[in-house]
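The values are calculated or read from the model by the stated rules, or taken from the named source; none is laboratory data. A quick note: this is a predicted structure, and the numbers were derived from the prediction, not measured. For neighbour counting, all protein chains shown are included, and Cβ atoms are generated from backbone atoms with ideal geometry for every residue, glycine included.
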Ligand code: ATP
């Protein structure tokens, strides 16, 4: 579904992602793990059209994404849950969710968007309780649910998540990861970027390890969870 070949991403003249290749097949849940500053968010920014300064190949469903705008990429079926949530704080919870569907209203009409709103609210009932509340007043966990809900409102075939566990209490992280796994079981293809390597690999089919902009290891999630280098560098103690 997503094929990345020899991706190189730069800020100005400085390359921070070097000749990275990876693939995500339909229905897979893929985790990219790596330390702070490894280039994970930069890679996702290139996929989602938020970073233009890249070379190499990014193909989604056989179509090159080179030069495509971020809204056009959303319309192709890729939707992102950004690092730090990036919800629209001054807007209500409901308006945040509706914003997630803004590329669809013309094509799909109000009734299909309303169906998806029902689906999101069933998944996260707290968002219904908070529908009229300003999004900026939600707790961190609620904001993460809102960010996921907003991304789902675009009806993605590939959901891309950047560090969904960031800054959240362990119980909430567990709940968010279990939701991601449920989405995957329901047929959404998922590309997940995480510093919480153990949690990310536990729910993944396959994983990639990014170190200072280079892909140094890849394999099934089960293989990576028992790999000595991965254990030493990313998993710590059980
Ligand atoms: P983190 O988990 O901390 O977000 P990451 O793996 O997602 O880390 P990136 O945010 O992609 O890493 O950063 C990769 C490198 O690019 C880092 O060295 C970072 O300092 C640099 N970088 C990121 N954004 C910019 C920017 N806008 N301008 C210049 N350099 C940047």
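Hey, which of the helices (runs of 4 or more DSSP H) in the stretch 27-137, taking only ones fully inside, have at least 2 residues that are surrounded by 17 or more Cβ atoms within 10 Å (Cβ to Cβ), touching a residue at least 60 places away in the same chain (Cβ under 8 Å) and touching a strand residue (DSSP E or B) at 6+ places or on another chain (Cβ under 9 Å)?
40-47
Against the condition closer than 21 Å to residue 24 by Cβ and modelled with pLDDT under 95, how does residue 114 come out, does it pass?
Values: closer than 21 Å to residue 24 by Cβ: no; modelled with pLDDT under 95: yes.
No: the conditions fail for residue 114.
Suppose we keep only residues that are over 17 Å from residue 38 (Cα atoms) and without any contact (Cβ under 8 Å) to a residue 12 or more places away in the chain within the stretch 214-231. Which one would you say is nearest to the chain's Cα centre (by Cα)? Can you show your working first?
Here is the first cut: in the stretch 214-231, the ones over 17 Å from residue 38 (Cα atoms) are 219-228, 231.
Filter again for without any contact (Cβ under 8 Å) to a residue 12 or more places away in the chain, leaving 222-223, 226-228, 231.
Working: 222: 21, 223: 22, 226: 25, 227: 25, 228: 27, 231: 24 Å.
Selected residue: 222.
Report whether or not residue 166 is modelled with pLDDT under 95, surrounded by 14 or more Cβ atoms within 10 Å (Cβ to Cβ), under 23 Å from residue 122 (Cα atoms) and out of contact with any helix residue (DSSP H, G or I) (no Cβ under 7 Å at 6 or more places or on another chain).
no
Restricting to the stretch 27-56, name every residue that is within 15 Å of the ligand (Cβ to nearest atom) and more than 16 Å from the chain's Cα centre (by Cα).
Result: 35, 36, 37, 38, 52, 53, 54.
When only residues in the stretch 1-15 that are within 11 Å of the ligand (Cβ to nearest atom) and touching a strand residue (DSSP E or B) at 6+ places or on another chain (Cβ under 6 Å) count, which is nearest to residue 79 (Cα to Cα)?
We begin by selecting, within the stretch 1-15, every residue within 11 Å of the ligand (Cβ to nearest atom); these are 9-15.
If we keep only those that are touching a strand residue (DSSP E or B) at 6+ places or on another chain (Cβ under 6 Å) too, we end up with 9, 15.
Working: 9: 20, 15: 25 Å.
It comes out as 9.
For the stretch 140-154, indicate whether the set of residues that are in a strand (DSSP E or B) and touching a helix residue (DSSP H, G or I) at 6+ places or on another chain (Cβ under 8 Å) is non-empty.
No: the stretch 140-154 contains no residue that is in a strand (DSSP E or B) and touching a helix residue (DSSP H, G or I) at 6+ places or on another chain (Cβ under 8 Å).
Step by step: first the residues of the stretch 16-26, then only those that are more than 14 Å from the ligand (Cβ to nearest atom) and assigned to a strand (DSSP E or B), then the one that is farthest from residue 181 (Cα to Cα). Which residue is that? Spell out how you get there, then give the answer.
If we filter the stretch 16-26 for residues that are more than 14 Å from the ligand (Cβ to nearest atom), which is where we start, we get 19, 21-26.
Subsequent filtering for residues that are assigned to a strand (DSSP E or B) retains 19, 21-24.
On the way: 19: 29, 21: 24, 22: 21, 23: 19, 24: 16 Å.
Here the residue is 19.
Name the single residue, out of those in the stretch 170-195 being in contact with a helix residue (DSSP H, G or I) (Cβ under 7 Å, 6 or more places away or on another chain) and free of Cβ contacts under 8 Å to residues at least 40 places away in the same chain, that is farthest from residue 42 (Cα to Cα).
172
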